[in-house]
1. Please state which of the following conditions A:D359 fails to meet, knowing it meets all the rest: (1) in contact (Cβ under 8 Å) with a residue 12 or more places away in the chain; (2) surrounded by fewer than 21 Cβ atoms within 10 Å (Cβ to Cβ).
2. B:D15 fails exactly one of the following numbered conditions: (1) in contact with a strand residue (DSSP E or B) (Cβ under 8 Å, 6 or more places away or on another chain); (2) in a loop (DSSP other than H, G, I, E, B). What is the number of that condition?
3. What are the pairs with Cβ atoms under 7 angstrom where one residue, in the stretch A:68-89, is more than 9 Å from chain B (Cβ to nearest Cβ) and surrounded by 19 or more Cβ atoms within 10 Å (Cβ to Cβ) and the other, located anywhere, is assigned to a helix (DSSP H, G or I) and not aliphatic (A, V, I, L, M)? Sequence gap at least six, or different chains.
4. Hey, any hits in the stretch A:432-446 for a residue that's part of a helix (DSSP H, G or I), within 26 Å of A:M588 (Cβ to Cβ), in contact with a helix residue (DSSP H, G or I) (Cβ under 9 Å, 6 or more places away or on another chain) and within 14 Å of chain B (Cβ to nearest Cβ)?
5. Go through the stretch A:512-532 and give me each residue that's free of Cβ contacts under 8 Å to residues at least 24 places away in the same chain and either surrounded by 13 or more Cβ atoms within 10 Å (Cβ to Cβ) or more than 12 Å from chain B (Cβ to nearest Cβ) (or both).
6. Of everything in the stretch B:197-216, what is within 14 Å of chain A (Cβ to nearest Cβ) and buried (at least 23 other Cβ atoms within 10 Å of the Cβ)? Give them in sequence order.
7. Just for the stretch A:155-185: of the residues that are in a loop (DSSP other than H, G, I, E, B) and within 19 Å of A:S115 (Cβ to Cβ), which one is nearest to the other protein chains (Cβ to nearest Cβ)?
8. Would you be able to tell me the number of residues in the stretch B:145-193 that are surrounded by 21 or more Cβ atoms within 10 Å (Cβ to Cβ) and touching a Pro at 6+ places or on another chain (Cβ under 7 Å)?
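The values are calculated or read from the model by the stated rules, or taken from the named source; none is laboratory data. These figures come from a predicted structure and were not determined experimentally. So basically every Cβ, Gly included, is an ideal-geometry build from the backbone, and we count neighbours across all protein chains shown.
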Protein chains: 2
Amino acid sequence: MGNYKGSLLGSVNPDLASERQTASFSVEKLTAWLDGGTEHTRLRRAVVEAIECDPVFSRENQYFESQNERYEAAVRKAVHLQKKMDEMGWTENGPEFKALSGDLAFLLHRIFTRSISMLGSDQQIAKWIPLATQYQLIGSYAQTELGHGTYLQGLETTAVFDITTQEFVLNTPNISAMKWWPGDMGRSATHTVVFAQLYVNGKCYGLHPFIVQIRSLQDHSLCPGITAGDIGPKMNFEHIDNGYLMLQNVRVPRENMLSKFCEVQPDGTYVRRGSQKINYFTMTTVRISLILDEVVIPLMKACTIAIRYSVVRRQSKLKPGEQEAKILDYQTQQEKLLPQLAAAYAFYFISDYLQELFDRGYREIQRKNFDMLPELHAFSSGFKAMVTQYSTSAVEICLRACGGHGYSLLSGLPSLYTKIVASCIYEGENTILFLQTARFLIKCFMAASTGQPVPPSVTYLAAVTPEKCPAKNKLDFLSPDIYTEAYQHMAARLINSTAAKLQDLVQSGVKKHDAWNQCTVQLAQAAKAHCHYITVKNFAETVEKLETQPGIQKIMKHLCDLFALHGIFSNAGVFLHDGYISGAQMDMVTASYLDLLAVIRKDAVPLVDAFDFTDKTLNSALGSYDGQVYQRLYEWAQKSPTNKQISPAYERYLKPLLHKTLSKL
Amino acid sequence: MGNYKGSLLGSVNPDLASERQTASFSVEKLTAWLDGGTEHTRLRRAVVEAIECDPVFSRENQYFESQNERYEAAVRKAVHLQKKMDEMGWTENGPEFKALSGDLAFLLHRIFTRSISMLGSDQQIAKWIPLATQYQLIGSYAQTELGHGTYLQGLETTAVFDITTQEFVLNTPNISAMKWWPGDMGRSATHTVVFAQLYVNGKCYGLHPFIVQIRSLQDHSLCPGITAGDIGPKMNFEHIDNGYLMLQNVRVPRENMLSKFCEVQPDGTYVRRGSQKINYFTMTTVRISLILDEVVIPLMKACTIAIRYSVVRRQSKLKPGEQEAKILDYQTQQEKLLPQLAAAYAFYFISDYLQELFDRGYREIQRKNFDMLPELHAFSSGFKAMVTQYSTSAVEICLRACGGHGYSLLSGLPSLYTKIVASCIYEGENTILFLQTARFLIKCFMAASTGQPVPPSVTYLAAVTPEKCPAKNKLDFLSPDIYTEAYQHMAARLINSTAAKLQDLVQSGVKKHDAWNQCTVQLAQAAKAHCHYITVKNFAETVEKLETQPGIQKIMKHLCDLFALHGIFSNAGVFLHDGYISGAQMDMVTASYLDLLAVIRKDAVPLVDAFDFTDKTLNSALGSYDGQVYQRLYEWAQKSPTNKQISPAYERYLKPLLHKTLSKL
């Protein structure tokens, strides 16, 4: 019984230790490769260490805190981080935000800053950015309204140009137009970028961004005409003060409309430089950057926790007479967790791919060439939707795969889940995003079919593929050519057949918008298939480039195979539908898929160790490096406020009843 | 702007009102039919009203409370409910528990009571039940251990019979044997039923239940040898004090082993009356009763909230030039929500079916006939797993279908989700439960193939069905015969092919337990398919019996069709695999499925109105009967503690920074 007195923490559980002795590759090398080089690893670790040594950043009581306490901690940490950044020379895009992900206030402040940098004129940048950088004002980004989300054209807030005073007059015309959800707005922000319909001389010019002060810099009271507050408790994000905002005749000077691309001149002339769509470009960039930070990294954490726990937890017997088995030795547990691990790697790589695509596009935009905007928009939309949806379900699988203990906040998994599920909604609701991608794909398909040029990423839509998958045995399905082609065929078929349905409907007299609506279930499916295909293809290409590191290449190849075959196994219908893959071939896929589970099982722990999360980052009683799961659960539980306070419920309600029993027992 | 001053609450939003004018059936009649008659409806409503008029049961601040506050409220409500029950003559199985679901402490106390009633001798029942019924003791049910869950044989707690004192001596031999998770144990319970390995004269007789006192009735302090406390915060269930318990040489008298079916006599003789498996029977009954109360009703609530919101929320345009459309008019939104609505009805009916099966079985067991135990165990396991898994995903879909507002606690959806997800884990982890069902099915399949008798529910395993689905057009797929047969064929094929794989492996020399493990992914799939088939069949039979109520029959038939076709559409692979359904037929399924969405769309609101939840029961800003969504969100948000307290964060961290800016702007 002495075991649970704390003596074991830090000494590695032997069941976990044994997993690390048989790795087929060097964990350190894999980590360095994922980081982009050993120097990056060293720097990242130094930052993480500096942060974790600092008591201000402690997460120790996180799972016990109220919404008010979490908000206060998040502000404290954000302000302290800024100080540390100045001291240490850390940069905005360094690893420190990742290390503190989910703990910091003022994330929307960063988007406020980014909007001004992207959409503001040089004077506007010079005026606002230095103040924002030092938190000498707190910004927010007020786009979404109570009654309006992804459909930006429907936003109701108005900004009317008053030529006599050279001001814009902002108003919230009714309750559904109230700004609702913007982070940092409920209690913190002094300023915000308000998106409003611009009116000049009675004419509406559509949505434009305006810098509006909402709270006094002197005493933080609300400015005249402003009603604002916190929208209350959410499923997570308790550290963020998501807020509401109503504007009643709020006046801002003409210079407060962000004017790099659009401007109202003193005489009321409206000038546009470039596409109006550029005003949405902030969202495109946010969608791409959130994939890694808000989705892939949480998924990696969930995999780390669930996989480490699954080699410590023993349950039931695989062989009669033996001791209880590690749950990761059960095929069903492998089938839950290992595909999620493969997906974490797949999405890590696709996020790189998207970042490159975006960087290229951004360079063009800086040169006022907007040609890539549609492709960037389509890709950022579809991949944001696919990766968030897949990863949310993956984290949920990890949580449930840990049984009851996964459900304890102390496992760290509930907070990962409740955070990642929000990513399916924010920055564009996923179904709507898929449909935007679908619209792009249908257009490209039509263009490609008539021989017009399309972006390289979608030329496959017009490519000729064989009608039947050529695989002859289960090993053939471990060939990237075979499965990548299957995905390509499937994605092209879904887009093709949905385009045909659309055309049939229109030709039979259905109006275009009705026809579109009647195809949306299939259009969304087609868009997802496209993103799935590109993800598989990109994974296979990433593996191919690993020639110089054969140990890592081998295990990455297994993961790539697993990701691809899991997708075919789980979406068998779309591959079987036209007979491209036959029932007999599907049995081969299943066999290879299940075989792979047993292969990757052996390296499962090293594969999550390579993500290189510290215990403090994971903050999980189940997922710590030493695997002392039960002891840690017990020790952490004792810190719970429920164990520190004798509930008034006893004196008030129970004592009178229980005392009646004394004489009877 | 006057609109959001509270004046509109209670007057029905016109978008929602219009949905109620076109119902194809009588909502009142459907409610009465679901309740089992108008008299039941009247009684249920009377109870709900009595509860909701009572301020002690108010849920008003629920979303703002801490774990300590929620626990205290739950105790207060449970004690008060007992008082009301005595006053009003309400019974244990009446609707009041449903009306208060999720609010009450002492749910495990009920299982404590049930265990004693089922497994206790007449004397034990006479001694303990009256005290328990009046909360003159608080019971718990201590089965799960820190290191052991569903695999009961692995539990480590010991109970050694000491013949000299005629006592059992209970011990927790090490940390993983600590009882962990039992509800009501962390802070409330005075007694608990402890499951422990029974040893008499050095021989282990397996798991048995013992009544153990853990806290003083005098002052609630822990009894000698007892260590106990609360396990801390969870994803939900904050109102319940899930606890831990360690036992060190705790002695209980011989009479405290529950002894209806097993007994240790004074001389140490062990006597068994009936199957030892009967000790697990409490869990079988709990699994069946939780389906309705903890799973189907929450799903119905989620559907009500999401569907009402989806006709109030308008977003984007279906037709150019028109006003923004109700989001339920989009095919993608229908495809998210309406299948979940159909599932809610399907599971409501299957829960009836299971209850009848169980009642029949229980009558037999009372007569010491244990023949039905395997079937009851298999059904309670498989359906618990299938319904909880499906419904969890359904509630999540409802939550996400409400966009950002679904993510606010005020929508009521996060608490439904975080509660229902636990049902996938408690009372048996779902994968393990599916595998228990699979074991039963494989046995029955083997028996049926060799002509031996099997329970009527599984005779289909040996039935001959056509090799191809006979449907010729999309309307054929609206025939229950056609789709029920497709499900039957598919389930039988999956069980059949997995049995064949098992046999092949064994014949090729793989050891039996290894072969089993290598088939478990497919076995779990087969078990799920079996339950899905029975659910579809039972739905179709329920519809058939509705002859006397044609209006209700018609809409129920649509829902049944939708449930069935949604299942084929979403699991296309298993129907296409052997060509039973061809690609062309799958297109017909898809067409019929999408057509049905538009049909049921018209009755969506009446179909959820018929569930007859009051606003106070739903406790949702999105789902209230009047549909005043935005106004309610705004009013409720203002009650949040985050709006009542000026955060110390401003003075401490922000003010010094912001004051620097004063001179600059």
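1. The number of the failed condition is (1).
2. Only one criterion in (1) in contact with a strand residue (DSSP E or B) (Cβ under 8 Å, 6 or more places away or on another chain); (2) in a loop (DSSP other than H, G, I, E, B) is unmet by B:D15, namely (2).
3. Pairs found: A:K77/A:F57; A:L81/A:E96.
4. No, every residue in the stretch A:432-446 fails to be part of a helix (DSSP H, G or I), within 26 Å of A:M588 (Cβ to Cβ), in contact with a helix residue (DSSP H, G or I) (Cβ under 9 Å, 6 or more places away or on another chain) and within 14 Å of chain B (Cβ to nearest Cβ).
5. A:H513, A:D514, A:A515, A:W516, A:N517, A:Q518, A:C519, A:V521
6. B:I211, B:V212, B:I214, B:R215
7. Restricting to residues being in a loop (DSSP other than H, G, I, E, B) and within 19 Å of A:S115 (Cβ to Cβ), the top hit is A:W181.
8. Result for the stretch B:145-193: 2.
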